[in-house]
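**Student:** Have a look at this one.
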Amino acid sequence: MVYSIGKHWRSIVFAATGLSLMAGSFAIAQDVKTQYIALPTYRVGAYASSGLPIFGGMIDYFRYINEVEGGIDGVKLVWEECETGYDVGKGIECYERMKGGKDGSPTALFQPFSDLLAKALIDRTAKDKIPLLTPGFGLTESIDGGVFPYSFPIIITSWSEVSSVVNFIASKEGGAEKLKGLKIASLYHDSPYGKETQTPMSLLAKKYGFEDIQIPVPHPGDDQSAQWAKIRQIKPDWVYLRGWGVMTPVAIKTAAKTGFPVDRVIGGTWSTSEDDVRPAGAVAKGYYGVTPWQSGTEFEVLKKLKTDIVDKGLSDLKNPKSFGTVYYNLGVLTAMVMTETLRTGYEKFGAHAITGEEAQWALEHLNLDEARLKELGAVGLMQPMKLSMKDHEGGGASKVVQWDGNSFHEASDGWVNPDRDLLLPLLYERAAAYAKEKGITPRTEAAK
């Protein structure tokens, strides 16, 4: 005889089965000695020139950890790529496919390297309890971990970037008081990424008394004749280039063509790489850019990668000239932050594959101070970074560099710090408004 159970009881049975499977998966994870890393990439498409060195740097560092150090506390790293083509829809598909982990190892971290994808995933990753890493992009108010426990705009946010740009301009003009009456034009990628700096720029303009001019550039930015004609008419003192991809070299070439001095243009984080300026040719000489991650091969960690990975034919890079460039080094330090997060998690929870919840704890207790950066061979490559529940950025400073025709050299006097005392209260207000809109009860303290 076949008995039929009601819908209510089926739900109970399925729920119990699901809990049993989850418990089983957790038990398996505790025994797994490999850590799965989901790696959404874009090696093809309009932004491949940036993606190739970034992901090359990440994979080279992961290989170094495995091949030279034998993993992290004996736990080997395994990674899987999913090509997004920098398309949000494909990126979401990659996330859904990879979020469950592999071979018993959960997905502990997710790093999309895409502002649009990060903003599309912020609620999903929170629900799935997988930390979302967004260095230099993403939703700036997610700096408040009380409201956004699983979003980490590490190293530098867009608001810190624009504040550092204004502070550098002030230093070139002779002091903050000299900003009054100046015209600063923001030439921005007409997307949520490009618009992310409008609010802080308006705030800084009111504080210092300069004129804030906003000029959008439609994606992908390969024709900017109308925008630079407007700039020529307005005659700003500085142009802040909030670009990405092909938009940057086109802006530099068009500025030179219209007679605007390139040494009065300063690019944001994603307009400051060798791949951004080389296509512009000789006219790029003098161009400024702000960057929290430095180019160069003199850092100890780069020397190790050269000896143990590149020279042994183990590098992921297809173009050897990309070694030591801004985007390659960004990939290296991003992988370093990820592996140091895992190391912190292993110290707390044991040397085995950890979950997203455990990685979230590790991130909020991550401290890459000067001493640790020295041990990693990364002093100068990035600023010291300490995260906490109320500070998911952990740094915010950057350096300004200038293109000499062949490479970038430092143009600022060390790290340029943002005006966090001015910006943070507004960011916490925005986070509180987000919590109210979404019905989120903010945390008051981090897990011990």
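The values are calculated or read from the model by the stated rules, or taken from the named source; none is laboratory data. What you see is a predicted model; the values in this text were computed from it and never measured. Don't worry about glycine lacking a Cβ; one is built from the backbone with ideal geometry, like all the others, and counts go over all protein chains shown. Side chains included, ligands, DNA and RNA excluded: accessible areas come from the protein's heavy atoms. Shrake-Rupley method; radii C 1.70, N 1.55, O 1.52, S 1.80 Å.
**Student:** Take the alpha carbon atoms of the stretch 281-344, find their center, do the same for the stretch 194-261, and report the distance between the two centers in whole angstrom.
**Tutor:** Their Cα centres are 28 Å away from one another.
**Student:** May I ask you to rank T34, T41 by accessible area, largest first, using a 1.4 Å probe over the protein chains only?
**Tutor:** Numbers: T34 45, T41 0 Å².
Reading off the accessible areas and sorting them downward yields T34, T41.
**Student:** Give me the distance in nm between label points sitting 7 Å out from Cα along the Cα-to-Cβ direction at H409 and K257, one decimal.
**Tutor:** Each label point lies 7 Å from its Cα, and together they span 3.0 nm.
**Student:** On average, how much accessible surface per residue is there in the stretch 214-349, in Å², for a 1.4 Å probe, leaving out ligands, DNA and RNA? Can you show the working numbers first?
**Tutor:** Working: 5110 Å² over 136 residues.
Here the residues of the stretch 214-349 average 38 Å² of exposed surface.
**Student:** OK, next. For the stretch 66-189, what is the charge dipole size about the Cα centre, in debye to the nearest 20, if Lys and Arg each add +1 at the Cβ and Asp and Glu each add -1 at the Cβ? Display every interim value, and only then the final one.
**Tutor:** On the way: 13 positive and 18 negative charges, 98 e Å.
Dipole about the Cα centre, nearest 20: 460 debye.
**Student:** OK, next. If R0 is 22 Å, what FRET efficiency do you get for K386 and K448 from their C-beta distance, rounded to 0.05? Spell out each step's value before the answer.
**Tutor:** On the way: r = 17 Å, r/R0 = 0.77.
The calculated FRET efficiency here is 0.85.
**Student:** Reachable aspartates and glutamates from K180, Cα under 19 Å, same-chain residues fewer than 8 places away excluded?
**Tutor:** Cross-link targets: E211, D212, D237, D419.
**Student:** With Cβ to Cβ distances under 9 Å as the rule, what net charge do the other residues near K285 carry (K, R +1; D, E -1)?
**Tutor:** Details: positive: none; negative: D263, D404.
Result for the neighbourhood of K285: -2.
**Student:** Oh, and also: Between the stretch 93-127 and the stretch 403-424, what is the C-alpha centre distance in whole Å?
**Tutor:** Each part's Cα centre sits 31 Å from the other's.
**Student:** With the crude spin-label approximation of a point 7 Å out along Cα→Cβ, what separation in nm comes out for E437 versus E67?
**Tutor:** Going by the 7 Å Cα→Cβ label model, 4.6 nm.
**Student:** Measure nothing fancy, just the Cα-based angle from helix 7-31's long axis to the longest principal axis of the chain, in degrees from 0 to 90, nearest 10.
**Tutor:** 70 degrees
**Student:** Quick one: helix 88-98 against the long Cα principal axis of the chain, what's the angle to the nearest 10°, folded into 0 to 90?
**Tutor:** 30 degrees
**Student:** Another question about this same structure. Would you kindly derive the ³J(HN,Hα) couplings of the stretch 295-309 from the backbone phi angles with the Karplus curve 6.51 cos²θ - 1.76 cosθ + 1.60 (θ = phi - 60°), listing them in order in whole Hz, with x for Gly and Pro?
**Tutor:** Working through the residues one at a time gives 8, x, 10, 7, 6, 4, 5, 5, 5, 5, 5, 5, 6, 9, 10 Hz.
**Student:** Next question, about the same structure. Could you compute the net charge surrounding I155? Neighbours are other residues with a C-beta less than 11 Å from the C-beta of I155; K and R count +1, D and E count -1.
**Tutor:** Neighbourhood net charge equals -2.
**Student:** Using the alpha-carbon atoms, what tilt in degrees (0 to 90, nearest 10) does helix 198-208 show relative to the longest principal axis of the chain?
**Tutor:** The angle comes out at about 50 degrees.
**Student:** Can you show me the helix-derived [θ] at 222 nm for the chain, built from DSSP H runs with n ≥ 4 at -39,500 (n - 2.57) apiece and divided by the number of residues, rounded to the nearest 500.
**Tutor:** Details: 15 runs with 192 residues, N = 448.
Using -39500 (n - 2.57) per qualifying helix, the result is -13500 deg cm²/dmol.
**Student:** Further question: Given (i) 24.0, 83; (ii) 22.8, 68; (iii) 22.8, 91, which label gives Rg and Dmax of the Cα atoms in Å as computed from the coordinates?
**Tutor:** Matching entry in (i) 24.0, 83; (ii) 22.8, 68; (iii) 22.8, 91: (iii).
**Student:** Can you check what the net charge comes to around T339, using other residues whose Cβ is under 14 Å from the Cβ of T339 (Lys, Arg +1; Asp, Glu -1)?
**Tutor:** On the way: positive: R63, K76, K304, R343, R372; negative: D60, E67, E69, D73, E340, E347, E375.
Combined, the nearby Lys, Arg, Asp and Glu give -2.
**Student:** So what does W238 come to for accessible area, using a 1.4 Å probe and Å² rounded to 10?
**Tutor:** Roll a 1.4 Å probe over it and W238 shows about 0 Å².
**Student:** Kirkwood-based Rg over Rh for the stretch 64-133 (C-alpha set), two decimals?
**Tutor:** A ratio of 1.02.
**Student:** Continuing with the same structure: Ignoring ligands, DNA and RNA, please state the percent of accessible area on the chain from carbon and sulfur, probe 1.4 Å. Don't skip to the answer; put the middle values down first.
**Tutor:** Values: 9800 of 18470 Å².
Carbon with sulfur: 53 percent of the solvent-accessible area.
**Student:** Could you pull out every one of the lysines with an alpha carbon less than 23 Å from that of K178, ignoring same-chain neighbours closer than 8 positions?
**Tutor:** Leaving aside lysines fewer than 8 places away in the same chain, those within reach of K178 are K206, K207, K235, K399.
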